[in-house]
Amino acid sequence: MAKKGHDDHGQGLGRREVLECMVWAGTGVLWAVSGGIPHSVGLIGEAAAAEPTGFTFLQMSDSHIGFDKKANPDALGTLREAIAKVKAMPIKPSFIIHTGDITHLSKPEEFDNADKVYGETGVKIHYVPGEHDMIDEGQGKAYLERYGKGSKGAGWYSYDDHGVHFIGLVNVVDLKAGGLGNLGAEQLAWLEADLKGKSNSTPIVVFAHIPLQVIYKEWGWGTDDGAQALTLLKRFGSVTVLNGHIHQLAQKVEGNMTFHTALSTAFPQPAPGSAPSPGPMVVPADKLRTVLGLSTVTVVQGNKPLAIVDKTLAG
Amino acid sequence: MQYLNSHLRSAAARFTPSRALVVAMILGPVVGAMLAFGTVAAQDANVVTIDNFTFSPKELTVAAGTTIKWVNHDDIPHTVVNADKVFRSKALDTDDAFSYTFASAGTFDYFCGLHPHMVGKVIVK
């Protein structure tokens, strides 16, 4: 998959090719927005070498700072390795989108350690919380105090950059028994109002922790009211949905919508249904870095498809 | 156990009352020990373990006044949350436990607040 993405990169990745890539793979993603449409440009090193004409941003996810179990005794160490790769990129990304689970247990020292390492990049980081970031005594108070400035409700917000409208959603709070991820009526109403007045040609990037589409219901990998959010986004010509939570790559294209989930920098999780539970997957120590990573997205002005480049820590 | 009971019943039916008394005196300590063992077993039965994102046993019936303990054996934190907000644990890291004493009768559905597909039930009689 990673190899194929690389090969495709040189010729430009078309919708058909992206569709053919609907498989699980392990790497990191660099996004490029081209013609207002984000597209994958290959693995991070190669993408950087491609010198995209648009602007790039990174997606990083599931750093789980504080995790120290068998699947990765040093989640802070592997985050440092990932950040070292970011710092070494010849073209600095405009910003980083973090799709949640910054910490493992929402402890102050875990947030502190994460902030210190992410801060080394010197670029703005746009966060949305994962469920692991909302389990302090105050049920999210710690996260919101640090990252919630200017956000609404449990931490959702939007912003514009290079003509692209970015929307950060929160689907990890107020979860219902037996259910999946949850956006809630208040957030959906906010989203509808946020999109009002935006022209259909505005490229949209939506990011949230749990996949908005249902990837595997039995493990809770989806959002109960995610379809309602996607319905609101249907009229737009380019919609890119970035998620984390499942610690593995999943890409899918449906009409004008592209779905992508990122690798974790902490530990991998099994493919849907391939293990008794979605818990941390233990892989041989020398293989760990092949299943951790980050993604680069390049946004190129012009009528080109979205470019996402996944990069593992081993590459 | 079922076999033992039926065996004792058929044996007792063949005994005269005096013989039955003697048998009861002999069996007394044995039955006492069995009752004591039953109490220990009942205490173990009031523990719900969390393994592989699953509450086990998924459904538990206890008497009012019983304390139930949840223990998380996963490498991922879980919580124990009653939908009606009667009880809610903090995040349970690996091997952390949460206990709650059910004072009165009722049916208490609960789930993991982080992974809500994980559900369980306590019935208090």
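Among the residues of segment B:54-73, some residue qualifies, meaning at least one is crowded, with 16+ Cβ neighbours inside 10 Å, more than 17 Å from residue A:135 (Cα to Cα) and facing chain A (nearest Cβ under 10 Å). With respect to the conditions (1) within 14 Å of chain B (Cβ to nearest Cβ); (2) touching a strand residue (DSSP E or B) at 6+ places or on another chain (Cβ under 8 Å); (3) at pLDDT 95 or above, residue A:243 falls short on a single one, namely (1).
On the basis of being within 9 Å of another protein chain (Cβ to nearest Cβ) and among the hydrophobic types (A, V, I, L, M, F, W, C), does residue B:111 make the cut? Spelling it out, residue B:111 is indeed within 9 Å of another protein chain (Cβ to nearest Cβ) and among the hydrophobic types (A, V, I, L, M, F, W, C).
Residue count for segment A:130-177, restricted to those that are under 14 Å from residue A:208 (Cα atoms), in contact (Cβ under 8 Å) with a residue 40 or more places away in the chain, in a strand (DSSP E or B) and away from chain B (no Cβ under 14 Å): 3. Tallying residues that are among the charged types (D, E, K, R), within 14 Å of another protein chain (Cβ to nearest Cβ) and not in a helix (DSSP H, G or I) within segment A:96-121 yields 2. For segment A:41-84, the set of residues classified as surrounded by fewer than 24 Cβ atoms within 10 Å (Cβ to Cβ), closer than 18 Å to residue A:126 by Cα and at pLDDT below 95 consists of A:55 only.
The numbered conditions (1) in a loop (DSSP other than H, G, I, E, B); (2) in contact (Cβ under 8 Å) with a residue 60 or more places away in the chain; (3) within 21 Å of residue A:269 (Cα to Cα) are all true for residue A:93 except (3). Across segment A:67-93, the number of residues qualifying as basic (Lys, Arg) and closer than 18 Å to residue B:93 by Cα comes to 2.
Is one or more of the residues making up segment B:27-35 away from every other protein chain (no Cβ under 14 Å), modelled with pLDDT of 95 or more and more than 21 Å from residue A:104 (Cβ to Cβ)? Scanning segment B:27-35 turns up no residue that is away from every other protein chain (no Cβ under 14 Å), modelled with pLDDT of 95 or more and more than 21 Å from residue A:104 (Cβ to Cβ). Taken over segment B:58-75, the criterion of being more than 17 Å from residue B:113 (Cα to Cα) and in contact (Cβ under 8 Å) with a residue 60 or more places away in the chain is satisfied by B:59, B:60, B:61, B:62, B:63, B:64.
Within 13 Å of another protein chain (Cβ to nearest Cβ), within 12 Å of the chain's Cα centre (by Cα) and assigned to a loop (DSSP other than H, G, I, E, B) - does that describe any residue in segment A:206-229? The answer is yes; a qualifying residue exists. Answer yes or no: is there a residue in segment A:251-258 that is small (Gly, Ala, Ser), surrounded by 18 or more Cβ atoms within 10 Å (Cβ to Cβ) and not in a strand (DSSP E or B). No, segment A:251-258 has no match at all. Would you confirm, using the coordinates I've provided, whether residue A:130 is surrounded by fewer than 22 Cβ atoms within 10 Å (Cβ to Cβ) and either modelled with pLDDT of 95 or more or within 28 Å of residue A:194 (Cβ to Cβ) (or both)? Answer is no for this residue.
Could we say that residue B:81 is within 25 Å of residue A:246 (Cα to Cα) and within 14 Å of chain A (Cβ to nearest Cβ) here?
Yes; evaluated as a whole, the condition is true for this residue.
The values are calculated or read from the model by the stated rules, or taken from the named source; none is laboratory data. What you are looking at is a predicted structure, and each value in this text was computed from that prediction instead of being measured. Don't worry about glycine lacking a Cβ; one is built from the backbone with ideal geometry, like all the others, and counts go over all protein chains shown.
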